[in-house]
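Since the structure comes first, as structure tokens, the remarks are kept for the end.
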Amino acid sequence: MNYTLELNTQSKESKVVFNNIIFDSFKINIIDHYRGNMKNNPVLWRTIFKVRTIDNNLIETIGGNNRVILKGIDFKNYNELIKILNSYQYKNKLIKRRDADEDYVHFLLSYF
């Protein structure tokens, strides 16, 4: 499945970070809310996923909701994945970026 990953489509100092995964027929909007100082070790507080068509119409999940909020162990696993995507090694291509991207995308697709 072909996809495009758009990371951090928000200003660096904002406490709300938007990420997008765009597929051929739909896209997933990821909204990360942070606490603390964004320059010095921000703490991920809440994550929300929304699935949309390419025309920006919301798609309901299997449970009938328009959004998914991560909690518990799933939130912890997501936090580890997002740390990899924000790491020095990822940004400077010291690790296999494709593997990190695929882990992130497969984790998100497991909810829909």
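The values are calculated or read from the model by the stated rules, or taken from the named source; none is laboratory data. Here the structure is a predicted model, which means the values were calculated and not measured. With ideal geometry, Cβ positions are generated from the backbone for all residues, glycine too; neighbour counts draw on all protein chains shown.
In the range 60-85, what residues are basic (K, R) and not in a loop (DSSP other than H, G, I, E, B)?
R67, K76, K83
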Exercise. Do any residues in the range 90-112 that are at negative phi and without any contact (Cβ under 8 Å) to a residue 60 or more places away in the chain have Cβ atoms under 6 Å from those of residues that are assigned to a helix (DSSP H, G or I) and hydroxyl-bearing (S, T, Y), where the two are at least six apart or on different chains, and which pairs are they?
Worked result: A100/Y90
For this session: Among what's in the range 62-97 and is within 26 Å of N40 (Cβ to Cβ) and basic (K, R), pick the residue that is nearest to the chain's Cα centre (by Cα).
Result: K83
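Looking at the range 70-95 only, could you name the residues that are under 21 Å from E6 (Cβ atoms) and among the polar types (S, T, N, Q)?
Quick first cut of the range 70-95, residues under 21 Å from E6 (Cβ atoms) only: 70, 78-93, 95.
Matches in the range 70-95: N79, N86, S87, Q89, N92.
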Exercise. So I84 fits all but one of (1) under 14 Å from I30 (Cα atoms); (2) in contact (Cβ under 8 Å) with a residue 12 or more places away in the chain; what number is the exception?
Worked result: (1)
Seminar exercise, completed: Residue pairs within 6 Å by beta carbon, gap of at least six or interchain, first lying in the range 19-47 and touching a residue at least 40 places away in the same chain (Cβ under 8 Å), second part of a strand (DSSP E or B) and hydroxyl-bearing (S, T, Y), listed first then second, are I21/Y3; D32/T47
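Filter the range 48-61 down to the residues that are farther than 14 Å from S110 by Cβ and under 13 Å from the mean Cα position of the chain (by Cα) and list them by number.
Correct list: I48, K50.
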Problem set entry | K93 being in a loop (DSSP other than H, G, I, E, B) and either at pLDDT 90 or above or not aromatic (F, W, Y) (or both) | yes
Problem set entry | Residues of the range 1-45 satisfying the condition of being part of a loop (DSSP other than H, G, I, E, B) and among the β-branched types (V, I, T) | T9
Exercise. Any residue in the range 98-108 that is surrounded by 11 or more Cβ atoms within 10 Å (Cβ to Cβ) and either more than 14 Å from the chain's Cα centre (by Cα) or part of a loop (DSSP other than H, G, I, E, B) (or both)?
Worked result: no
For this session: From L70, L58, L44, L85, grab the single residue that is under 15 Å from D101 (Cβ atoms) and out of contact with any Cys (no Cβ under 9 Å at 6 or more places or on another chain).
Result: L85
Exercise. Taking the condition closer than 13 Å to V105 by Cα, surrounded by fewer than 11 Cβ atoms within 10 Å (Cβ to Cβ) and without any contact (Cβ under 8 Å) to a residue 24 or more places away in the chain, does N2 pass?
Worked result: yes
